[in-house]
Each structure stands twice: as C-alpha cells, then as structure tokens.
1. What are the residues in segment 112-148 that are in contact (Cβ under 8 Å) with a residue 60 or more places away in the chain, among the β-branched types (Val, Ile, Thr) and in a loop (DSSP other than H, G, I, E, B), if any?
2. Among the residues of segment 167-180, which ones are open to solvent by 90 Å² or more (accessible area, probe 1.4 Å) and either under 12 Å from CYS46 (Cβ atoms) or at pLDDT below 95 (or both)?
3. Output the residues belonging to segment 181-208 that are within 17 Å of PHE6 (Cα to Cα), open to solvent by 40 Å² or more (accessible area, probe 1.4 Å) and not in a loop (DSSP other than H, G, I, E, B).
4. Considering only residues that are free of Cβ contacts under 8 Å to residues at least 60 places away in the same chain and open to solvent by less than 10 Å² (accessible area, probe 1.4 Å), which ones fall in segment 54-63?
5. Applying the selection to segment 90-111, what residues are surrounded by fewer than 22 Cβ atoms within 10 Å (Cβ to Cβ), in contact (Cβ under 8 Å) with a residue 12 or more places away in the chain and of a type outside the set (A, V, I, L, M)?
6. Can you tell me which residue among GLY85, GLY29, GLY72 is open to solvent by 30 Å² or more (accessible area, probe 1.4 Å) and at positive phi?
7. Which residues, taken from segment 149-166, are open to solvent by less than 30 Å² (accessible area, probe 1.4 Å) and either part of a loop (DSSP other than H, G, I, E, B) or closer than 15 Å to CYS46 by Cα (or both)?
Amino acid sequence: MTFPSFYDAAPRLVVFDPLSAFLGAAEDGLLEYGYADAVRLAGHSCPTVAGAYLMTVRSLERLYPDEVPERGAVAVSVREAADDGVAGVMASVATLLTGATENTGFKGIAGRFDRRNLLSFGVGIQGTMAFVRMDTGAGVQATLDSGVVPVDPAMPGLLQRLLSQAASPDEAAQFRILWQERVRRMLVDHADDPRLVRLAAWNGRPDA
C-alpha cells in the first residue's frame with residue numbers, strides 16, 4: 001500500500017483515550033493519528049476528508065491548548081443533517097479522532113467510557129462543525145472554506161471526460177495528480193491558514 005508522500009507532511013494528532021489505557025490497547029492510552037488514517041477510514045482522499053480532518057485537529061488543539069486532547073470526552077455537532085451532502089463523511093472523520101458517536105458507539109464499562117450520544121446532526125450552528133469539551137464546557141465552531149484553495153482550471157473538463165468514459169489514460173493520470181495536489185495544498189501549504197479553517201468560540205447552544 002503506497003500513499004502520496006505529502007500525507008506524512010500533514011498535521012498529526014495525539015490523543016489520550018482512557019478506554020485504551022484501561023484495556024491496555026496502547027501504552028499510556030496515547031493514540032497518534034495522521035491523515036492516512038482518515039483516508040483508510042473514508043477509502044479515498046478529497047477536499048472533504050482533508051477539510052474534516054483539519055477542522056477536527058485544529059478544534060482539538062484550540063480546546064486543549066496545554067494538554068493532550070481526551071478522546072471520548074468531546075461532543076461533536078454537525079450543522080447539516082446526516083444524509084445531507086458530505087455531512088456523514090465529515091462526521092466519520094470527526095468520530096475517528098474524537099470517538100464521538102450517535103447511539104452506535106461503545107456503551108461503556110460500569111458507567112465509564114460511554115461514547116454514545118456525543119455526535120449530533122442538524123444542529124443550529126453557524127459553523128460547519130462544533131466541538132465541546134464535556135469536562136469544562138468549552139466549545140469551538142469550525143468553518144471550512146475550501147474555496148481558499150481553488151480547483152485547477154483543467155479539473156472540470158477532465159472530470160467530465162472521466163465520467164463519460166472518454167478520457168485517455170494520460171488524462172486520467174493528470175486528473176488524479178491535480179485532484180491530490182489540491183488536497184496537498186490544503187493539508188500542507190494551508191494547514192494553518194485561518195481562512196481555510198475558521199475557528200470561533202461556541203457556548204454549546206444552537207444558533208450561537
């Protein structure tokens with residue numbers, strides 16, 4: 001299995017998972033995630049997956065400025081309904097990094113480590129997604145503006161030729177290169193760009 005080399009240059013995230021520590025799944029309960037993990041989860045690499053990854057990483061960094069984020073202790077809200085657009089894809093990436101699920105996650109052990117009911121869709125927020133620490137109540141909204149990294153002008157035409165099965169092998173290869181180049185620019189060149197991922201404090205109440 002070979003991934004594009006820029007995956008290794010994307011931001012990484014280390015979290016503490018108390019369930020992992022309790023069960024001895026990872027030393028000291030520390031789990032490290034990279035963009036390749038999100039690609040494995042989604043099965044593909046695209047601006048949506050990259051954007052969700054960056055929004056989650058940057059939000060957790062904002063919520064835990066001086067400590068390791070705790071997986072399973074952050075509630076995630078998504079503005080769109082679960083079946084709208086790419087909301088489900090974004091939420092799955094957030095779940096990977098935070099452990100938050102609707103009602104399908106781990107039920108816990110003796111009242112501890114419950115991961116259910118930490119993920120909500122169709123929430124009245126201004127951002128794309130919002131994240132709230134369950135211990136302190138501190139929250140942040142994350143808004144993704146993928147237009148900050150524009151599509152290459154050749155992309156639409158190449159995509160149409162591919163979809164109509166009229167593209168040559170060289171055109172198909174060019175499309176793949178340009179597609180991943182946009183993802184690379186998001187994750188590497190614009191990883192810290194506040195225009196791409198805009199963060200704002202959130203009090204945890206809808207429409208705030």
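1. Passing the criteria: VAL123, ILE125, THR128.
2. ARG176
3. Listed by number, the residues that qualify are GLU181, ARG182, ARG184, ARG185, VAL188, ASP189.
4. Step one: of segment 54-63, the residues free of Cβ contacts under 8 Å to residues at least 60 places away in the same chain are 57, 61.
The answer is VAL57, and nothing else.
5. So the first thing to find is which residues in segment 90-111 are surrounded by fewer than 22 Cβ atoms within 10 Å (Cβ to Cβ), and the list is 92, 95-96, 101-111.
Subsequent filtering for residues that are in contact (Cβ under 8 Å) with a residue 12 or more places away in the chain retains 92, 95-96, 101-106, 109.
Result: SER92, THR95, THR101, GLU102, ASN103, THR104, GLY105, PHE106.
6. Numbers: GLY29 fails: open to solvent by 30 Å² or more (accessible area, probe 1.4 Å); GLY72 fails: open to solvent by 30 Å² or more (accessible area, probe 1.4 Å).
From the options GLY85, GLY29, GLY72, the qualifying one is GLY85.
7. Looking only at segment 149-166, we keep the residues that are open to solvent by less than 30 Å² (accessible area, probe 1.4 Å), and these are 149, 155, 158.
The answer is VAL149, MET155.
The values are calculated or read from the model by the stated rules, or taken from the named source; none is laboratory data. Just so it is clear, the structure is predicted and the values come from calculations on it, not from any experiment. For neighbour counting, all protein chains shown are included, and Cβ atoms are generated from backbone atoms with ideal geometry for every residue, glycine included. Note: accessible area is taken over every heavy atom of the protein model, side chains too, but ligands, DNA and RNA are not part of it. Shrake-Rupley method; radii C 1.70, N 1.55, O 1.52, S 1.80 Å.
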